[in-house]
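Have a look at the structure below before the remarks.
Readers should treat all values here as calculations from the given coordinates under stated rules, not as data from a laboratory. Everything numeric in this text was worked out from a predicted model, so none of it was measured. Backbone-built Cβ (ideal geometry, glycine too); neighbour counts: all protein chains shown.
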Amino acid sequence: MSASLDTSFFGHPRGLSTLFFTEMWERFSYYGMRAILLLYMTAAVTAGGMGLSAADGAAIYGAYTAAVYMAAIPGGFVADRLLGLRRSVFWGGVLIASGHFCLAFGVTWLFYLGLILIVAGTGLLKPNVSAIVGTLYSSDDQRRDAGFTIFYMGINLGAFISPLVCGWLAQSDSFKGVLSSMGLSPEHSWHWGFGAAGIGMTLGLVQYSLGGRKLVETPVVHPATNPALLWAQFAACCVAVFGLLYFLWDYRDGVVLVGTFIFAAWFVAQTDPGVERKRAYAVMILFVFAALFWGGFEQAGSSLNLFGDRFTRNEVFGISFPSSFHQSTNSIFLIIFAPIFAWLWIRMGKTKTEPSSPVKFSLGLLFVGAGFAVIAVAARVSGANGDGLVSPMWLTVVYLLHTIGELCLSPVGLSTMTKLAPARLAGSIMGVWFMATSVGNFVGGRVAGQFETFPLPSLFGAVCLTTVAAGLICLALSPTIKRLMGGVN
């Protein structure tokens, strides 16, 4: 049965189930680690943390999360030219699991090695598993956006469970009591959380290996005539890039901007003149708006995470909970609303009333801006309270608005990239998409670095104004972007 006619997984191709659970476990590992990463770096040494300031911790956090998504570019290159999509996903999972287990040892040099391994592994896995989802559908299949939304549910099922598991192991007094009763140091609870993330990725690898037969083998489109030479060139390029970033760290803003521009020019140059080139221009415009969206949205793991830890009364009905549990709120809403949005896009598609992808992008930006308007008010209220703590409902409303924005932009963006991509650049164009997330994470880390030095109402208010303005500009440009997309909606 051809993929476009297969309806064995809730009306979708059977291979979607394998990819759903693979991405679920990968995101379990990533979001479980992310929920406690900045909190661990900024925790006092006596509490088992690294004792960094919020500015230093946020800088490392922003650079790390930016690198995670930036690695999608070489990851797409490796898949397109050397390994193919399926093998790239597998070896990416191996590197990710190894990285999380490095974090679990509590040794400083292993901590940084672990981050590097997770970066490299995510670069191989994340863009290419999304590209495989795109191969399950024909370009005109009406189920395509809905399929990516279901796939997105897998992402967020893992992201919902992991902060509860990893956060409980890392922060809860009850688990620290268990460690003490076993004669183990309770300050080492952070590393149990990191270890749980590694176990999650290992389960994902097992599932992917067993379910791989459900996937159509995707060959390397342009196999290398001399793989050894190409690998050597690739390694030399990586060394040069990381070396440049290291020596120019004090000028990292300029490096990121220049590197982004160079990559954009390279990507456009790979396309043929005509419709393909126009679509590449559309991709680049959407890239800018996606980067602005993620710059606000990805504050969840940095400034919003710190706000939840330091200025929020973390209890419900008198029962206290670790601050990292807030990281599951977005995923709860995604699990609830993703099926509704999947149904909505199909319904509107049948009646010819579905908004175009650029309009959906603008809605995403407007909703994330609305969320920052709410948290700006919460920051002002926390300053007025005697104890400086606000109800957790403030963050709940923020994550609700951000979730609606995410569902308007993120799964739709994944689907749009696969529709705009020429077959020979399937992995590379997903690298473009995740590079937008990378730039957004980098900018978000820079913003979060001002958490302890800038008035929070003004800080969150500035993010609100930036994203709302970007949403209105994207809405105004949507007819032009749609024309460049050459018939793709």
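The figures follow:
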{"item": "Note, ³J(HN,Hα) from phi for region 189-203, Karplus 6.51, -1.76, 1.60, rounded to Hz, x at Gly and Pro", "result": "4, 3, 6, 5, x, 5, x, 4, 4, x, 5, x, 5, 4, 4"}
{"item": "Among T149, Y112, V133 - extreme Cα towards positive end, dipole of region 79-185, charges at beta-carbon", "result": "Y112"}
{"item": "Separation between Cα centres of region 451-489 and region 362-406, rounded to whole Å", "result": "17 Å"}
{"item": "Whole-Hz couplings from phi, Karplus 6.51/-1.76/1.60, listed for region 282-299; x for Gly and Pro", "result": "4, 4, 5, 5, 5, 4, 4, 5, 5, 4, 5, 4, 5, x, x, 4, 6, 5"}
{"item": "Region 34-170: Rg to Rh, with Rh as the Kirkwood radius over Cα pairs", "result": "1.04"}
{"item": "For region 113-128, Karplus couplings with θ = phi - 60° (6.51, -1.76, 1.60), whole Hz, Gly/Pro x", "result": "4, x, 4, 5, 5, 5, 4, 5, x, 5, x, 6, 7, 5, x, 7"}
{"item": "Ranked L169, L409, criterion: other C-beta atoms within 10 Å, fewest first", "result": "L169, L409"}
{"item": "Which of D173, D56, D80 has the fewest Cβ neighbours within 10 Å, and the rest in rising order", "result": "D173, D56, D80"}
{"item": "Sorted by Cβ density within 10 Å, fewest first, the residues I36, I96, I60", "result": "I60, I36, I96"}
{"item": "Amide proton proximity set for V390, modelled H, under 5 Å, gap of 5+", "result": "T312, R313"}
{"item": "Summed side-chain charge close to V89 - residues other than V89 whose Cβ falls under 10 Å, Lys, Arg +1, Asp, Glu -1", "result": "+1"}
